[in-house]
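Note sheet for the following structure.
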Amino acid sequence: MRADLSQEAIRLGRLLAVLLAEPEVHGLLALMLLQESRRATGLSLEGEVILLEEQERALWDRALIGEGVMLLEQALASRRFGPYTLQAAIAAVHAEAATSESTDWAQMVGLYDVLLRIHPSPVIELNRAVAVAMRDGPAKGLALIDAILQRDDLKDYYLAYAASADSCRRMGRRAEAVESYKRALGFARQEPARRFLERRLMELEKG
């Protein structure tokens, strides 16, 4: 989403939170704020994708994070929240970790477990698999990703192949990683994503 559209969405979200003080409205606004807090670090000056684990966290907007966490806590305290609030809680785990390595991946997997129960989705299942890979190692995550792909639930979703490729890369399975990155590239449409995948392929093919 473009920065101006994101700002307008947040403005409308704040207005809605005043007019309709429902927990899930607060959860949705919290999610938007937490995502917006790291917008400036998601792309380089050249427009290249910067992965979450590689972003400069000191540049994240702490004011937006603070506001988002406050709204999230209000929504959670109500015990009447839904999927937006749970997604905001997942974003907050990232936002509150000083480094990628210190992220509470166990908590992340637990949140995805709850989210999957109330809002089943193959994309959420994929995101949980990635969190499992971070918590338990790439082999465990790859097994879950492969199971999703074998069901054809995400057969046209480039991020599923990219996640498989990353796990293979981390395990030293270069040929499989290359094949999965090529599949991801075949489905990716946005240029920053395509350039990122092409860079990964070049690194593997040179290495």
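As an exercise, take the mean of 1/r over every pair of distinct alpha carbons in segment 1-74, invert it, and state the Kirkwood radius in angstroms.
13.0
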Alpha-carbon centroids, segment 107-173 and segment 39-89: separation in whole Å
21
Within the chain, what's the longest stretch lacking GluC sites (Glu not before Pro) that sit in DSSP loops with no more than 15 other Cβ atoms inside 10 Å?
102-207
Name the trypsin sites (Lys or Arg not before Pro) in segment 80-174 that are in a loop by DSSP and that have at most 12 other C-beta atoms within 10 Å, would you?
R80, R151
Kindly provide the Kirkwood hydrodynamic radius of the chain in Å, to one decimal, from all pairs of distinct alpha carbon atoms.
18.1
One-quarter of the Cα convex hull surface for segment 134-194, in nm²?
4.1
Residues with amide H under 5 Å from that of L43, placed H, sequence gap 5 or more
I50
If I stretch the segment between E73 and D113 completely, what's the gain in nm (0.36 nm per residue apart, minus their alpha carbon distance), one decimal?
12.5 nm
About its Cα centre, what dipole magnitude does the chain give when the only charges are +1 on Lys and Arg Cβ and -1 on Asp and Glu Cβ, stated in debye to the nearest 20?
300
With only alpha-carbon atoms counted, please give the Rg and Dmax of segment 111-156, in Å.
10.3, 27
Work out, in µm²/s and without decimals, the Stokes-Einstein translational diffusion coefficient of segment 61-148 at 37 °C, 0.692 mPa s, Rh from Kirkwood over C-alpha pairs.
240
Charge dipole of segment 123-176 about the Cα centre (unit charges at C-beta), most positive-ward option of S164, A139, Q150
A139
In the chain the accessible area split gives carbon plus sulfur, as whole percent at 1.4 Å, a share of 55
Once label points are set 7 Å from the Cα along Cα→Cβ at both E203 and L159, what is their separation, rounded to one decimal in nm?
1.9
At q = 0.25 Å⁻¹, what log₁₀ I(q)/I(0) does a Debye calculation on the Cα points of segment 31-91 give, no solvent, two decimals?
-0.98
Are there trypsin sites (Lys or Arg not before Pro) in segment 1-34 that DSSP puts in a loop and that have at most 10 other Cβ atoms within 10 Å, and which ones?
R2
222 nm mean residue ellipticity, helices alone, for the chain (DSSP H n ≥ 4; -39,500 (n - 2.57); rounded to 500):
-23000 deg cm²/dmol
Could you give the size of the charge dipole of segment 27-94 about its Cα centre, using +1 on the Cβ of each K and R and -1 on the Cβ of each D and E, expressed in debye and rounded to the nearest 20?
440
Listed by chain and number, the aspartates and glutamates with an alpha carbon less than 18 angstrom from that of K155, same-chain partners under 8 positions apart left out, are E125, D146, D166, E176, E179
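Between R194 and E96, what length comes free when the chain is fully extended (0.36 nm per residue of separation minus the Cα-Cα distance, one decimal in nm)?
So the extension gain works out to 32.3 nm.
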Theoretical FRET efficiency, 1/(1+(r/R0)^6), r = Cβ-Cβ of R170 and L19, R0 35 Å, to 0.05
0.15
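The values are calculated or read from the model by the stated rules, or taken from the named source; none is laboratory data. For clarity, every value in this text was computed on a predicted model and none was experimentally measured. With ideal geometry, Cβ positions are generated from the backbone for all residues, glycine too; neighbour counts draw on all protein chains shown. The protein model used for the area step is the full one, side chains on, heavy atoms only, and it has no ligands, DNA or RNA in it. Shrake-Rupley method; radii C 1.70, N 1.55, O 1.52, S 1.80 Å.
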